[in-house]
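Notes to accompany the following structure.
The values are calculated or read from the model by the stated rules, or taken from the named source; none is laboratory data. Just so it is clear, the structure is predicted and the values come from calculations on it, not from any experiment. FYI the Cβ positions are ideal-geometry reconstructions off the backbone, even for glycines, and counts take in every protein chain you see.
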């Protein structure tokens, strides 16, 4: 007895769907594998080496951000909490950039996430009134990163201290979700000497924050940091920005805060998303695994 036509149709559909799914999975896996092969140079062997002065991948940004920032897909969402936090948790963002990065990197930051800061400043070695940037009158280059950071925080302290409660340092290749950051900071007082970021553990007892992931200082932390250079409690002799800043913070009793969420997952990340989300992208011999202050929890969306 021949099977009913409905059963045959069902089996044909199921078999075809399975074949289609398998082929899609195979194609997707090959694409990801090829991506991992062609982009290994983007992994930085230096844990202090991922900063905005690295211009090697700036060409990758060209043509990748042609989207409508005013798209109406979120027009009906309830953003009452975000608006309330915007008023209560004031964040000044300053972005480290340079003349060579204004068109390839900084302008994209300016057009996207920086618009959600209560105040945003772009810090460069020289002033550009059209962009605009604040001219710190420093040189460009990796060995100038900490000096630029010190001068930027001094400028913010002297000119904008009362305009915010928290002060975020980011590179021009960083992306920050300000609503999420405000939610994190809302649980803490800006009058407490504390700062947050992706905490690394070597060399500093309480840990220090990765420069590539960005970090945010409370108002009290900013005051202490700037004052420390006036009283010679801290110096700018080192060129390793994040480590030197971490040592300074520890010496002036500014706490290296815990920025993990309620599930223990990190909220600051030093690399681009695929480095964290694709299984095996970061080999276990890579320095990253030994530098994490807290045991990393891998979130594997792509395997």
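Among the candidates 224, 260, single out the residue that is free of Cβ contacts under 8 Å to residues at least 60 places away in the same chain and within 19 Å of residue 151 (Cα to Cα).
Working: 260 fails: within 19 Å of residue 151 (Cα to Cα).
On inspection, the qualifying residue turns out to be 224.
Here is a yes/no grid of residues against (1) in contact (Cβ under 8 Å) with a residue 12 or more places away in the chain; (2) over 21 Å from residue 293 (Cβ atoms); (3) surrounded by 18 or more Cβ atoms within 10 Å (Cβ to Cβ):
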| position | (1), (2), (3) |
| --- | --- |
| 198 | yes, no, yes |
| 201 | yes, no, no |
| 205 | yes, no, no |
| 209 | yes, no, yes |
| 220 | yes, yes, no |
| 237 | no, yes, no |
| 241 | yes, no, yes |
| 248 | yes, no, yes |
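Can you tell me which residues in segment 215-237 are assigned to a helix (DSSP H, G or I) and either over 16 Å from residue 192 (Cα atoms) or not assigned by TED's automatic domain parsing to the domain that holds residue 180 (or both)?
The initial filter retains those residues of segment 215-237 that are assigned to a helix (DSSP H, G or I), namely 219-230.
Of everything in segment 215-237, those that are assigned to a helix (DSSP H, G or I) and either over 16 Å from residue 192 (Cα atoms) or not assigned by TED's automatic domain parsing to the domain that holds residue 180 (or both) turn out to be 228, 229, 230.
Looking at (1) farther than 20 Å from residue 254 by Cα; (2) modelled with pLDDT of 95 or more; (3) outside any strand (DSSP E or B), which is the only condition residue 191 fails?
Residue 191 satisfies every listed condition except (1).
Looking only at segment 223-235, filter to residues that are within 24 Å of residue 142 (Cβ to Cβ) and in contact with a helix residue (DSSP H, G or I) (Cβ under 7 Å, 6 or more places away or on another chain); which one of those is surrounded by the fewest Cβ atoms within 10 Å (Cβ to Cβ)? Walk me through it before giving the result.
Our first condition is that a residue be within 24 Å of residue 142 (Cβ to Cβ); within segment 223-235, this holds for 225-226, 228-229, 234-235.
The next check asks that each one be in contact with a helix residue (DSSP H, G or I) (Cβ under 7 Å, 6 or more places away or on another chain); those that pass are 225-226, 228-229, 234.
Numbers: 225: 25, 226: 18, 228: 18, 229: 16, 234: 22.
Per the stated criteria, the residue is 229.
Looking at segment 238-298, what helices (runs of 4 or more DSSP H) fall wholly within it and have at least 2 residues that are touching a helix residue (DSSP H, G or I) at 6+ places or on another chain (Cβ under 9 Å), at pLDDT 95 or above and within 17 Å of residue 196 (Cα to Cα)?
Values: elements: 241-251, 273-277, 288-291.
Because the criterion is at least 2 residues that are touching a helix residue (DSSP H, G or I) at 6+ places or on another chain (Cβ under 9 Å), at pLDDT 95 or above and within 17 Å of residue 196 (Cα to Cα), the helices (runs of 4 or more DSSP H) in segment 238-298 that meet it are 241-251.
Tell me, which residue of segment 131-148 that is loosely packed, with under 14 Cβ neighbours inside 10 Å and out of contact with any helix residue (DSSP H, G or I) (no Cβ under 9 Å at 6 or more places or on another chain) is nearest to residue 98 (Cα to Cα)? Before you say what the answer is, go through the steps one by one.
Keep residues of segment 131-148 that are loosely packed, with under 14 Cβ neighbours inside 10 Å, which gives 132, 137, 139, 141, 143.
Checking the rest, the ones that are also out of contact with any helix residue (DSSP H, G or I) (no Cβ under 9 Å at 6 or more places or on another chain) come to 132, 141, 143.
Numbers: 132: 12, 141: 9, 143: 14 Å.
The extreme case among them is 141.
Give me the helices (runs of 4 or more DSSP H) completely within segment 97-185, filtered to those with at least 1 residues that are under 26 Å from residue 264 (Cα atoms) and touching a residue at least 60 places away in the same chain (Cβ under 8 Å), ordered by residue number.
So the answer is 178-185.
Mind telling me which of the residues 255, 266, 274 ends up being within 15 Å of the chain's Cα centre (by Cα), over 17 Å from residue 176 (Cβ atoms) and in contact (Cβ under 8 Å) with a residue 60 or more places away in the chain? Break it down into steps so the answer makes sense when it comes.
Details: 255 fails: within 15 Å of the chain's Cα centre (by Cα); 266 fails: over 17 Å from residue 176 (Cβ atoms).
Testing whether each residue is within 15 Å of the chain's Cα centre (by Cα), over 17 Å from residue 176 (Cβ atoms) and in contact (Cβ under 8 Å) with a residue 60 or more places away in the chain leaves just 274.
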